[in-house]
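Undergrad: Input: one structure, supplied below.
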Amino acid sequence: MSVRRREFLKFLAGSPLFLSEPIPHAQLESETWPLISSPGEALSVFEFEPLAKKVLPPAHYGYLASGVDDDLTLRANREAFTKVQIRPRRLVDVSRVDLSTEILGTRWGTPIVLAPVGSQRAFHAEGEVAVARAAKAKGHLQILSTMTTASVEDVTKAREAPIWYQLYPTARWSVTEALVRRAEAAGCPVVVLTVDLPVISNRETAAKLARLDERECGVCHGEGSTYFRVRRKPMFDGLDVSGLTELNAPALTWDIISRLKRVTRMQVFLKGIVTREDATLAVENGADGVIVSNHGGRAEESARGTLESLPEVVEAVSGRIPVLIDSGFRRGTDIFKALALGADAICIGRPYLWGLAAFGQPGVEAVLEILRKELALAMRLAGVTSIRGITRDFVTRGV
């Protein structure tokens, strides 16, 4: 690539014309004001993103920032929050608020969960271990990705409490079963099966930003080969992956739930449920919970935000199993709206990774603290003092 062409592409990457997603007001301010120099300076989670963008190689930032195709679903996840309005109540004693909630019989100090994201050492040298320490310090549930760059044993040790394990089913059952048994042996009480990627999606933004990266990425990734992608991931240590063609499983059907339950005592959640039909089938086939998710806009290009999918999933489940949700959460008011629409907990991904890239463990802790404070403030201003008290009556659909 010529120097002139590379410089031109860098110019485009920094130009508002290059961005496929309209910039929210708060994010625009964080991009135009000077970069923060410590986690405590951040006024919102948006202020961590431009610093993460600055310190990360283009390909790594692209992996983190990308949606699929035209990034319509990525945008829809954020835009969905503007379509739901809060209905505040007045003259309520809000001097004290309780953020605690219960998930599968375990009491947590907050409904904010750390979603699974792979390859976190691409964002910081301590990766998932730093995130686990932050989760411990702030008392949050952590879900670990199959594509983790730290082992489930090391992350559990750092968290000093059980974590949940996200599972890509893979195209070979022997590998899948080995991953599940290892997670269970490490003390994970829940396996979270990702079901929204039967095949890998088309992540154009990531590919465009990778063009700006001057490193030789093929050394690590083997030009996209599954073998090269997994051989450096600790969860695949000791496994024969030489013939593994894909982490995704295009032939996967509903019997995967019973197959998993035959080999593990962990509870089985399905991540990627977005319709009432599939929510009903999840319950009928024995799932112990679901996560309403479109992979942060990285699965199908539906142009539909998860907040828009949430009500029909909640209605279909009808309280029989927990419903969690992820994709696009950036504010305490976002979390409030999802809780009001029936979610039991909310998973965040990109924001804590912005904090990780910017400042390591202190950055993750700061992101979690900001979101907790914003949620508590949203509750006080809406006139509700407990997570259980946030009901459907507190929101309405905007025009």
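Undergrad: What would the Debye equation give as log₁₀ I(q)/I(0) for region 149-222 at q = 0.14 Å⁻¹, counting only Cα atoms as equal point scatterers?
TA: With one equal scatterer per Cα and no solvent, log10 I(q)/I(0) is -0.68.
Undergrad: Can you tell me how region 104-198 classifies by the Cα gyration tensor, rounded, prolate or oblate, using a/c under 1.5 as the rounded cut? Please list the in-between numbers first.
TA: Working: a/c = 1.68, a/b = 1.35, b/c = 1.24.
Prolate, since a/c reaches 1.5 and a/b exceeds b/c.
Undergrad: So how far apart, in nm, are the two label points at ASP154 and SER174 if each is 7 Å from Cα heading toward Cβ?
TA: 2.7
Undergrad: Another question, then. List MET147, MET379 from most exposed to least, where exposure is judged by having the fewest other Cβ atoms within 10 Å.
TA: Numbers: MET147 19, MET379 26.
Fewest-to-most Cβ neighbours within 10 Å comes out as MET147, MET379.
Undergrad: Sticking with this one: Cα centroids of region 35-105 and region 337-368: how far apart, whole angstrom?
TA: 7
Undergrad: Starting from one equal scatterer on each C-alpha and no solvent at all, send me the Debye-based log10 I(q)/I(0) for region 24-169 at q = 0.15, 0.20, 0.22 Å⁻¹, two decimals.
TA: -1.09, -1.43, -1.42
Undergrad: For the pair THR391 and ALA137, how long in nm is the line joining their label points, each one 7 Å along Cα→Cβ?
TA: So the two model labels end up 3.9 nm from each other.
Undergrad: Moving on. If you rank HIS60, HIS140 by fewest surrounding Cβ atoms within 10 Å, what's the result?
TA: Numbers: HIS60 22, HIS140 25.
Ranked by crowding around the Cβ, least crowded first: HIS60, HIS140.
Undergrad: Can you tell me the alpha carbon radius of gyration of region 265-399 divided by the globular rule-of-thumb value 2.2 N^0.38 Å? Before the final figure, lay out each step's value.
TA: Working: Rg = 15.5 Å, N = 135, 2.2 N^0.38 = 14.2 Å.
Relative to the rule-of-thumb radius for its length, region 265-399 sits at 1.09.
Undergrad: A follow-up question, please. Where in region 37-58 does the label zone of LYS373 land, with the point 7 angstrom along Cα→C-beta and an amide N cut-off under 17 Å?
TA: Under 17 Å, as judged by backbone N against the label point of LYS373, lie 37-49 of region 37-58.
Undergrad: So what's the gap between the Cα centers of region 190-213 and region 155-189, to the nearest angstrom?
TA: 21
Undergrad: Once the piece of chain linking ALA125 and SER95 is laid out straight, how much longer is it, given 0.36 nm per residue of separation minus the C-alpha distance between them? Walk me through the numbers before you get to the answer.
TA: On the way: separation 30, 0.36 × 30 = 10.80 nm, distance 4.11 nm.
Here the answer is 6.7 nm.
Undergrad: Now for a different question. Volume per residue, Å³, of the convex hull around the alpha-carbon atoms of the chain? Can you show the working numbers first?
TA: Working: hull volume 55.0 nm³, N = 399.
Enclosed volume per residue, from the Cα hull, is 138 Å³.
Undergrad: Here is a follow-up. Which pairs, out of LYS233/LYS373; LYS136/LYS337; LYS83/LYS208, put more than 28 Å between their alpha-carbon atoms? Please report the intermediate quantities before stating the final value.
TA: Working: LYS233/LYS373 35 Å; LYS136/LYS337 26 Å; LYS83/LYS208 31 Å.
Result: LYS233/LYS373; LYS83/LYS208 exceed 28 Å.
Undergrad: Further question: What share of the DSSP beta bridges in the chain is antiparallel, in percent to the nearest 5?
TA: Details: 6 of 29 bridges.
Within the chain, antiparallel bridges account for around 20 percent of the total.
Undergrad: Along the positive direction of the dipole of region 3-397 (beta-carbon charges: Lys, Arg +1; Asp, Glu -1; about the Cα centre), which of GLY389, LEU193, GLN267 reaches farthest?
TA: GLY389
Values quoted throughout were computed directly from the atomic coordinates according to the rules given, and no laboratory measurement underlies them. Remember, it's a predicted structure, so these values are computed and weren't measured experimentally. Using ideal geometry, Cβ is built from the backbone for each residue, glycine included, and neighbour counts are taken over all protein chains shown.
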